[in-house]
Every structure is written in structure tokens, then in C-alpha cells.
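**Student:** Below you'll find the structure I mean.
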Amino acid sequence: MTGQHGDEPVESRPGPYSGLFGDVPDTYGPQATAVPKQVTISAVISAGLGAMCLLLAGLALTSAGGQISEVLTGSRGNTPVAVAAALVCAVVYLVPAFYVRKRHGWARYVLIAVAVMGIAGGVMALPASLLGLAVHVTLLILMMQRPTKVWFLHR
């Protein structure tokens, strides 16, 4: 059987992906430098959660600080502790969010640990924590998918 132009057989021409049979290239290999969408989505989720923690810390400094402190610490007079906890939370979300897209492996592990702790906290606070539980499960799934793992392995 000859090709479309009649000059060489179809079987001897390379496929659309340069392989004899049209092999699909390994997009997860060492040559893959594009950030996987899973990493980008995880970074956005983590940055969003960090921003909400910063917002919570700011709100704790207002007249609502007593109520926020009571929810977070169990006592109305612990506003400085509530602000400090919200700021630590913000750092734990924001720092890995910036470094995970720069292919730092430790940032991936921190996001996995944060997601696991968020899942544990969400399970203990059910049914009030369904949204937080879903967000942390999503974060964990994104960090554990093959494109994410392979992208961090081929640094």
C-alpha cells in the first residue's frame, strides 16, 4: 500500500508522534518541563487557604477578635494566641504554595502533610467541616497523582 502521495509505503513513514507506529511521547519524563496542572491547582488552593488565614488574623484584631478567639482557643481573652495561630496557619499554606511551582520537593511533602492534617481535623468536626474536608482531600489527591510525582522526581 502506498502513501497519500504515492512515493513511499504508509508502513515505513513515521507516525504523527515520530514513532513508526505513532507512539505517544512520554510527557511525564525528564524532558517535561511544564508545570503539571495538578501542581498549579494545588498551589492556587494552598495560596487561597493561606490568604483566608491572613484574613482571619486581620479580623481577629478587630472588634470581632473576642468571638474569633473563643472559637479558636475556647477563651475570649486569647486574641493574641488566635492571631498567632492564624499567622502560623497562613505561613504553613503560603510558603509551600510559592515553592511547589518551583519544583521544591519539600513543598510537596509539606502540602501532603497539611492536607492529611486538614482531613483529620475535618473528620473530627463533621458535619460542620464538609467544605474544608473536601478542599483538603482535593489537595491530597492532586499532590499524589502520577504527573505530580514524576515532575518532582525529574528535577
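Residues checked against (1) open to solvent by 60 Å² or more (accessible area, probe 1.4 Å); (2) in contact (Cβ under 8 Å) with a residue 12 or more places away in the chain; (3) part of a helix (DSSP H, G or I):
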| site | (1), (2), (3) |
| --- | --- |
| A82 | no, yes, yes |
| Y93 | no, yes, yes |
| P96 | no, yes, yes |
| Y99 | yes, no, yes |
| A115 | no, yes, yes |
| L126 | yes, no, no |
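**Student:** Does segment 63-73 hold any residues that are in a loop (DSSP other than H, G, I, E, B) and open to solvent by less than 60 Å² (accessible area, probe 1.4 Å), and which are they?
**Tutor:** Selection gives A64 alone.
**Student:** Out of the residues in segment 64-109 that are within 28 Å of L142 (Cα to Cα) and among the small types (G, A, S), state the one that is farthest from the chain's Cα centre (by Cα).
**Tutor:** Residues of segment 64-109 that are within 28 Å of L142 (Cα to Cα), as a first pass: 85-109.
Restricting the remaining residues to those that are among the small types (G, A, S) gives 85-86, 90, 97, 105, 107.
Details: A85: 22, A86: 20, A90: 15, A97: 7, G105: 12, A107: 10 Å.
Among residues in segment 64-109 that are within 28 Å of L142 (Cα to Cα) and among the small types (G, A, S), the one farthest from the chain's Cα centre (by Cα) is A85.
**Student:** Residues T27, T2, T33, T73: which one is closer than 21 Å to G132 by Cβ and modelled with pLDDT under 90? Working first, answer last.
**Tutor:** Details: T27 fails: closer than 21 Å to G132 by Cβ; T2 fails: closer than 21 Å to G132 by Cβ; T33 fails: closer than 21 Å to G132 by Cβ.
Going through T27, T2, T33, T73 in turn, the sole match is T73.
**Student:** Given (1) modelled with pLDDT of 90 or more; (2) open to solvent by 50 Å² or more (accessible area, probe 1.4 Å); (3) not small (G, A, S), identify the lone condition not met by C89.
**Tutor:** Answer for C89: the failing condition is (2).
The values are calculated or read from the model by the stated rules, or taken from the named source; none is laboratory data. Because the structure is a prediction, the values reported are computed rather than measured. Methodologically, a virtual Cβ is constructed for each residue, glycine included, from the backbone with ideal geometry; neighbour enumeration extends over all protein chains shown. Just so you know, the surface numbers come from the protein's heavy atoms only, side chains and all, with ligands and any DNA or RNA stripped out. Shrake-Rupley method; radii C 1.70, N 1.55, O 1.52, S 1.80 Å.
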